[in-house]
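Enquirer: Below is a structure I'd like to ask you about.
The values are calculated or read from the model by the stated rules, or taken from the named source; none is laboratory data. All values reported here derive from a predicted model rather than from experimental measurement. As a convention, Cβ positions derive from the backbone with ideal geometry for all residues, glycine included, and neighbour counts pool all protein chains shown. Just the protein is used for accessible areas: all its heavy atoms, side chains included, with ligands, DNA and RNA removed. Shrake-Rupley method; radii C 1.70, N 1.55, O 1.52, S 1.80 Å.
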Amino acid sequence: MTDPIDAQASLEGVLKDEIIRMYQEVADNPEADFHFYHGREAAELFGYDRALLARAPAGAVSSFAGVGNPHLRANIQEGEAVLDLGSGAGLDAIIASWETGPSGRVVGVDLNPSMCHKAQAHAAATGTEMECREGKMEDIPLSDSSIDVVISNGVINLSFQKRRVVEEVFRVLKPGGRLSITDIVSGKQLSQSIVNDPKLWAS
Ligand SMILES: C[S@@+](CC[C@H](N)C(=O)[O-])C[C@H]1O[C@@H](n2cnc3c(N)ncnc32)[C@H](O)[C@@H]1O
């Protein structure tokens, strides 16, 4: 019989590959069909300011793969340090960098180094800056109490270790810091056939 710990480790490995593949595909080929909203259509649906979308690089908008709009509640102020967990092609981080201005800083963290390169290139194309660190939300590559605001959009649902992610978020937040997360939750227990399907989990 398969050890449940080995089975989970193997599912996690497959899931990681599928997550990297799926969001890389959205970034490289945004015109393809996906079974989730993405790009400008999604951003407009979630209430992103159209003027900000017009100012953002086309690639960051077309590759947007969030599930909501964390800026509606984040209230980011000039000079703040912001972490965008799972920053993808960078749209949320770029908007955050406009809000913090040059006296603040925005750090993205993403599992996929090529998403990090894309996000930084998109930011540079608009004349703003964000630093993206390759890393895992379950082990955030930032020091304790270093961040004023954590934003995240459509990412935490992808983790096998959601409690660990929340612990990490609170570790990096300064005392009195804030978080604004938009994500997917299910009100009912998902069937094993869904839970064990990396394509469904990854999307
Ligand atoms: C659904 S996309 C969302 C991207 C971005 N937040 C947006 O709104 O467009 C998920 C992103 O999270 C990253 N990601 C997935 N699992 C991760 C993990 N364990 N740690 C860090 N990033 C992760 C993926 O590589 C991908 O870029």
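Enquirer: Taking 8 Å as the Cα distance limit and 6 or more residues as the minimum spacing, I'd like the relative contact order of the chain as a percentage. Working shown, then result.
Expert: Values: 371 pairs, mean separation 42.7, N = 203.
In percent, rounded to a whole number, it is 21.
Enquirer: While we're on this one: Helix 91-100 sits at what angle to the longest principal axis of the chain, using alpha carbons and giving 0 to 90 degrees rounded to 10?
Expert: 40 degrees
Enquirer: Please work out the average accessible area per residue across segment 4-202, using the 1.4 Å probe convention, and give it in Å². Spell out each step's value before the answer.
Expert: Working: 10060 Å² over 199 residues.
Here the residues of segment 4-202 average 51 Å² of exposed surface.
Enquirer: Write down the percent of antiparallel bridges among all DSSP beta bridges whose residues are both part of the chain, to the nearest 5. Let's see the in-between values first.
Expert: Numbers: 1 of 20 bridges.
Here the antiparallel bridges make up roughly 5 percent for the chain.
Enquirer: Put +1 on the Cβ of each Lys and Arg and -1 on the Cβ of each Asp and Glu in the chain; which of Gln8, Ile184, Ser62 then has its Cα farthest toward the positive end of the dipole?
Expert: Ile184
Enquirer: Next question, about the same structure. So for the chain, considering every pair of alpha-carbon atoms, how many percent are separated by more than 28 Å?
Expert: Values: 4916 of 20503 pairs.
Across the chain, Cα pairs with separations above 28 Å total 24 percent.
Enquirer: Enter the Cα centre distance for the pair segment 122-160 and segment 82-106, rounded to the nearest angstrom.
Expert: Cα centroid of segment 122-160 versus Cα centroid of segment 82-106: 8 Å apart.
Enquirer: How large is the dipole of the chain about the Cα centre if only Lys and Arg carry +1 and Asp and Glu carry -1, each at its Cβ, rounded to the nearest 20 debye? Don't jump to the answer; show the numbers that get you there.
Expert: Numbers: 18 positive and 29 negative charges, 79 e Å.
Result for the chain is approximately 380 debye, rounded to the nearest 20.
Enquirer: To continue, here is another question. Within straight cross-link reach of Lys16, meaning Cα distance under 23 Å, which lysines are found once same-chain residues fewer than 8 apart are removed?
Expert: Cross-link targets: Lys118, Lys136, Lys162, Lys199.
Enquirer: Let me ask something else. Work through the residues other than Asp84 whose Cβ is under 11 Å from its Cβ and net out their charges, Lys, Arg +1 and Asp, Glu -1. Provide the component values of the computation, followed by the final result.
Expert: Values: positive: Arg133; negative: Asp92, Asp110, Glu131.
So the environment of Asp84 carries a net charge of -2.
Enquirer: Report, to the nearest whole %, how much of the accessible area of the chain belongs to carbon and sulfur atoms, 1.4 Å probe, protein only. Could you put the intermediate results ahead of the total?
Expert: Numbers: 5470 of 10490 Å².
Solvent-exposed carbon and sulfur of the chain make up 52 percent of the total.
Enquirer: While we're looking at this one, here's another question. Just want the answer: with Cβ charges of +1 for Lys and Arg and -1 for Asp and Glu, which residue in Leu91, Ala74, Phe36 is farthest toward the dipole's positive end in the chain?
Expert: Working it through, the farthest residue towards the positive pole turns out to be Ala74.
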